[in-house]
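Written out below as structure tokens is the structure these notes cover.
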Amino acid sequence: MRGASVLVACAVAVAVAGCGDNDFAEAPHADLPQVMNLGGPIAKQPRFVVVTFHGDPLDAQIHDFVSALASSNYWHAVTSEYGVGTPTVTALRLPDVAPAMTSDIDIRNFIYDAIFTRAVLPTPNENTIYALFYPSGTTMPGACTTYAGYHSIAIESNTRFAYAVMPRCPNGSLDTFDFITQVASHEFAEASTDPEPGIATAYGLATDYAWSFYGGGNEIGDMCDSVSQTILDDTGYVVPRIWSNAAAAAGTDPCVPHPSGDVYVQAAPDGLEDLSISTSLSPALTVMSRGLQIAVGSTQVIPIRLFSDAPTAPLTVWTEQIAVAGATPDRPDLSLALDKHSGVNGDVLQLSVTVNADTAGYGHEVFVLHTQLGSSLSTWPVVVAN
């Protein structure tokens, strides 16, 4: 009877993931997106010019953090595949008291004046990124409500310079300094891989608009905004995970570095088409996306393929429609119905998608497939064009 018990145990293992890890293979599935290089420059040897202001109580901690970031294994892990090397850091503690209020135009003028009139900042080259850390007493339009930090490019008197701005934002889940390190790391990674956004964009557009729409942007930090933070080597600094094209192409968790013991689980839709989508931005932009073409009033049933990069217990899958202006819970634009809500690597669910309306008049809707295993949660957003 003991031998029979072993056979039964092996049969159960095969049903879940194969009898023994050597037999496991990730199931076929649709490709994860890539963040494309549109041909703009990259800061191959970044030079971070870190600017803090007189009286900032976090001044020393900020400078220590950026130095640790520049020499970390983390930095290499999240940027090297994009052609970015080890940064150098110039730490500047300006005697200026930070203004009570500032704006992007003010910041550009301040940087230009500090370089060319006052000579308190070094002159820029193609690798220079000025990083301004404002204290809690400084406000700026949209700070801490529409953004927690940003990076940009300025052209003043025929001189280009890249810069990043970190306002001092409160955060419910992280203390003030942890939030600073998370935001600053995000902006440093993006400013290095796309130092001239909107002018000569480099890694700044995803191959699937739905992912950037759901994540909040197209750059390598934005694409992982919805996942948890990690810790910088053994320093204790909180930093974000960053999108890896290489990991996405391999079918593993595209947000690196991976947590210890991480198993990537996903529900990938089949039958997606290449679509041209007009965004809801003002002015509207036309972008490419992988999605479904379903007319208002019609229904389409598509396969949803479950996959993982290691054996797992059953995964839980559900759908969520992304709300648009005018749609209400009792009258949603989409009706979404899965035939099952769980399965393992290689299982195929069936999803019925019905387009009830295009309330906002955008000509498309967006829904998200959520996949959960314990505390791990993955998402796959999908555009539905009408």
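Annotations for the structure displayed:
- Against the numbered list (1) in contact (Cβ under 8 Å) with a residue 40 or more places away in the chain; (2) under 30 Å from residue 349 (Cα atoms); (3) not in a loop (DSSP other than H, G, I, E, B), residue 212 comes up short only at (1).
- Entirely in region 229-305, the strands (runs of 3 or more DSSP E) that have 3 or more residues that are buried (at least 16 other Cβ atoms within 10 Å of the Cβ): 265-269, 286-293
- Taking region 43-86 as the range and being touching a Leu at 6+ places or on another chain (Cβ under 8 Å) and in a loop (DSSP other than H, G, I, E, B) as the test, the residues that pass are 53, 54, 72.
- Qualifying residue in region 82-105 (condition: under 22 Å from the mean Cα position of the chain (by Cα) and small (Gly, Ala, Ser)): yes
- Qualifying residue in region 189-201 (condition: closer than 30 Å to residue 112 by Cα and under 12 Å from the mean Cα position of the chain (by Cα)): yes
- Selected residue (only one of 219, 156 is under 30 Å from residue 115 (Cα atoms) and not assigned by TED's automatic domain parsing to the domain that holds residue 47): 219
- Filtered residue count, region 336-349, keeping only those that are surrounded by 13 or more Cβ atoms within 10 Å (Cβ to Cβ), under 30 Å from residue 361 (Cα atoms) and over 26 Å from the mean Cα position of the chain (by Cα): 1
- Residue in region 267-275 that is without any contact (Cβ under 8 Å) to a residue 40 or more places away in the chain and within 18 Å of residue 362 (Cβ to Cβ) present: yes
The values are calculated or read from the model by the stated rules, or taken from the named source; none is laboratory data. Note that the structure is predicted; figures quoted are calculated from it, not measured. Ideal geometry is used to build each Cβ from the backbone, glycine not excepted, and the neighbour counts take in all protein chains shown.
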